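The values are calculated or read from the model by the stated rules, or taken from the named source; none is laboratory data. This is a predicted model, so every value here is computed, not measured. Cβ placement follows ideal geometry from the backbone for every residue including glycine, while neighbour counts extend to all protein chains displayed. Side chains included, ligands, DNA and RNA excluded: accessible areas come from the protein's heavy atoms. Shrake-Rupley method; radii C 1.70, N 1.55, O 1.52, S 1.80 Å.
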Amino acid sequence: MTGFQQDDFLPTASLEMLRLRASLLERLRAFFSRHEFLEVETPLLSADTVIDRHLDPLSVTLFEDPRISEVGRQMWLQTSPEFAMKRLLAAGAERIYQVTRAFRGAERGAHHNPEFTMVEWYRVGDSMETGMALLSELAGEMLATDRVSQISYREAFLRHVGIDPHAASASELEAAATNLGIAIPSDMPCGDRDEWLNLLLATLVEPKLGVAAPEILYDYPASQAALAQVRNDNPPVAERFELYVNGVELANGYHELLDPSVLRERNQRTNLLRQADGKLPLRGDSRLLEAMEHGLPSCVGVALGFDRLVMVAAGANCLSKVMAFPIDRA
Amino acid sequence: MATYKTSEFKKGLKVQIDGEPYIMIEMNFRKPGKGAALYECRLRNLIRNTIASKTYRGGETLESADVEEIAAQYLYRQADTFVFMDNKTFEQYELSAEQVGDDWKYLKEGLPISMVLYNNNPIAISPPNHVELLVTECEPGAKGDTATNVTKPAKVETGGEFAVPIFIKEGNVIRIDTRTGSYIERVNN
């Protein structure tokens with residue numbers, strides 16, 4: 001029954017909140033300007049899209065004939081501006097950032113909206129450490145704190161789950177989840193270590209991250225490298241990091257993968273996993289691969305969810321308090 | 001019978017699990033970095049009033065509960081029993097305080113509500129999203145204070161209490177969002 005809808009035209013965020021949002025955006029731009037980053041703009045609609053097991057891009061048909069609007073080239077609404085920004089790096093840009101919209105299908109909740117504002121930046125020459133330092137500095141400035149802590153993925157699992165995430169088998173991870181009383185979905189793919197790690201991360205680790213102060217989780221399992229480089233430690237780890245505040249993930253960074261042949265392999269593997277999950281495989285060829293063949297300089301890239309940053313800065317508990325018109329009112 | 005996909009999960013959804021009707025009282029969408037989407041649900045069994053926690057992964061489905069929803073209105077309360085009337089048939093239905101839960105705070109005489117029947121027995125109600133209530137008791141605020149972020153408690157005609165801005169006075173009518181229990185605005189009167 002939906003007969004009681006009233007005031008549906010109104011924003012869900014107060015004007016006071018929108019003023020805070022605008023002032024944070026101003027401070028963010030000043031931060032990047034002070035660090036000599038160039039603000040860039042890249043397309044929201046692209047022929048290419050990232051291939052990720054759990055990211056579902058929305059597509060748009062670029063029709064030629066408006067009377068047959070379902071016929072035309074399929075374009076993707078960007079899940080992040082990553083591909084285009086890396087193409088700018090391959091063309092010689094060294095420090096770039098942008099504030100843009102990103103789109104992700106089937107993501108809707110207190111901390112998710114299918115359309116959201118993303119801040120993404122790249123700096124050539126960064127190591128994972130210097131990339132994390134820049135993120136810490138930005139987080140400290142935006143959230144008015146001079147303390148941003150760091151914890152490795154392994155250390156976080158040892159502390160909050162009591163298990164080594166790089167050494168434990170799928171059945172050991174499953175046993176840990178059962179013993180710690182997690183509500184386990186009935187269709188968990190049993191032998192899949194990464195899916196168990198993600199379940200444990202979401203339910204037991206994430207809620208504990210960034211509680212006392214903003215906290216960066218780093219050195220992910222190599223199997224979860226996405227577009228990050230793998231460092232040949234024992235065991236090898238992905239040079240990937242994420243920023244958390246009060247259990248909310250705010251940013252994701254990579255010491256970027258540069259080798260196109262490794263990306264091709266990962267794309268193939270990811271597409272097989274997508275198909276096993278009943279999803280369509282996505283086209284692997286992209287202008288990003290072309291740019292990587294040409295040569296991408298060593299760099300760190302970070303994507304930050306701006307709406308979540310505002311939410312955390314304002315002490316709000318859901319995105320609808322900081323977005324004028326979330327998807328239900330869009 | 002209809003089924004709901006995880007993407008349709010939301011608070012208030014009535015679903016059938018192991019042959020019994022449940023209402024989703026909380027739905028938390030969780031998705032770590034690059035991980036799979038999880039739908040963490042808290043469900044109240046509509047017959048036994050017990051709470052269950054269940055987690056689903058994207059793409060799963062639940063059957064809709066075999067319940068009927070009718071338009072009714074609140075009549076009166078007798079001790080721990082709340083009496084409602086079907087707007088069409090004028091038939092009266094009784095619910096216990098436990099079944100009504102926190103929604104008693106919104107129940108003023110004549111309030112239109114939607115009532116859930118399972119095998120013709122009332123099992124739950126949902127009030128409109130917005131309810132207007134008369135303030136019957138509250139401390140006077142400081143003169144000229146128009147701030148909206150400072151609040152004080154106010155008692156309303158139903159006996160319920162809500163946090164309201166300082167400028168609200170006895171005799172004002174306020175609009176409350178029943179989904180969150182929060183004050184929206186003063187209604188001109």
Rel. contact order, % - alpha carbon contacts under 8 angstrom, at least six apart, the stretch A:118-272: 22
Entries of A:LYS279/B:LYS31; B:LYS10/B:LYS108; B:LYS10/B:LYS54; A:LYS279/A:LYS321 with Cα pairs more than 25 Å apart: B:LYS10/B:LYS108; A:LYS279/A:LYS321
Whole-angstrom gap from the stretch B:55-92 to the stretch A:283-329, using each part's C-alpha centre: 41
Nearby aspartates and glutamates by direct alpha-carbon distance to B:LYS155 (threshold 12 angstrom, same-chain neighbours under 8 apart not counted): B:GLU137, B:GLU139, B:GLU170
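Using helices alone, I'd like the mean residue ellipticity at 222 nm for the protein assembly as shown: each DSSP H run of four-plus residues gives -39500 (n - 2.57), total over residue count, nearest 500.
On the way: 10 runs with 108 residues, N = 519.
Rounded to the nearest 500, the figure is -6500 deg cm²/dmol.
When each pair of different Cα atoms in the stretch B:61-163 is counted once in the 1/r mean, what is the Kirkwood radius in angstroms, to one decimal? Mind dumping the intermediate values first?
Details: mean 1/r = 0.0644 Å⁻¹.
Evaluated on the stretch B:61-163, it is 15.5 Å.
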Only Lys, Arg (+1) and Asp, Glu (-1) charged, at Cβ; the stretch B:99-189 dipole about Cα centre in debye: 140
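Let me have the relative contact order for chain A, percent, based on Cα pairs under 8 Å that are six or more residues apart. Display every interim value, and only then the final one.
Details: 583 pairs, mean separation 76.8, N = 330.
Normalised by residue count, the contact order of chain A is 23 percent.
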The stretch A:193-212 versus the stretch B:1-46: alpha-carbon centroid distance in Å: 21
Point-charge dipole on Cβ atoms (K/R +1, D/E -1) for the stretch B:1-155, about Cα centre, debye to 20: 800
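Mind ranking A:316-323, A:257-264, B:106-113 by how tightly packed they are, going by the mean number of other C-beta atoms within 10 angstrom, highest first? Provide the component values of the computation, followed by the final result.
Numbers: A:316-323: 19.6, A:257-264: 15.1, B:106-113: 17.6.
Descending packing order for the listed peptides: A:316-323, B:106-113, A:257-264.
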Cα→Cβ-extended label distance, 7 Å offset, between A:ARG159 and B:PHE90, nm: 6.8
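As an exercise, find the ratio Rg/Rh for the stretch A:1-137 from alpha-carbon atoms, using the Kirkwood inverse-distance average for Rh. Provide the component values of the computation, followed by the final result.
Details: Rg = 18.6 Å, Rh = 17.9 Å.
Reported Rg/Rh (Cα atoms, Kirkwood Rh): 1.04.
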In Å, descending, principal axis extents of the Cα set of the protein assembly as shown: 77, 60, 58
Translational diffusion of the stretch A:18-69, µm² s⁻¹ [Kirkwood Rh, Cα pairs; Stokes-Einstein; 25 °C; 0.890 mPa s]: 161
For the stretch A:1-78 versus the stretch A:95-172, the gap between their alpha-carbon centres in whole angstrom: 20
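Run the numbers on the stretch B:77-129 and let me know its relative contact order in percent, using alpha-carbon pairs under 8 Å that are six or more apart.
Relative contact order comes out at 27 percent.
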Exercise: per-residue mean of other protein chain Cβ atoms within 10 Å, B:117-128: 1
29 Å tail of the calculated P(r), the stretch A:109-266, as % of Cα pairs: 20
Cα pair distances exceeding 20 angstrom across chain B, given as percent: 62
Test item: A:7-16 mean partner chain Cβ contacts at 10 Å: 1
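With every protein chain kept in the model, how would you rank A:ASP164, A:ASP8 by accessible area, 1.4 Å probe, largest at the top? Intermediate results must be reported in sequence, preceding the final value.
Details: A:ASP164 35, A:ASP8 75 Å².
Reading off the accessible areas and sorting them downward yields A:ASP8, A:ASP164.
Percent of Cα-Cα pairs more than 22 Å apart in the stretch B:17-107, please. Don't jump to the answer; show the numbers that get you there.
Values: 1862 of 4095 pairs.
When every Cα pair of the stretch B:17-107 is considered, 45 percent fall beyond 22 Å.
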Shape box of the stretch A:230-285 [Cα atoms, principal axes, largest first, Å]: 35, 28, 22
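Across peptide B:53-59, what mean number of C-beta atoms from other chains lies inside 10 Å of a residue's C-beta?
On the way: counts 3, 4, 9, 4, 8, 7, 5.
Whole-number average of other-chain Cβ neighbours for B:53-59 is 6.
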Dipole moment magnitude, nearest 20 debye, the stretch A:8-84 about Cα centre, only Lys, Arg, Asp, Glu C-beta charged: 320
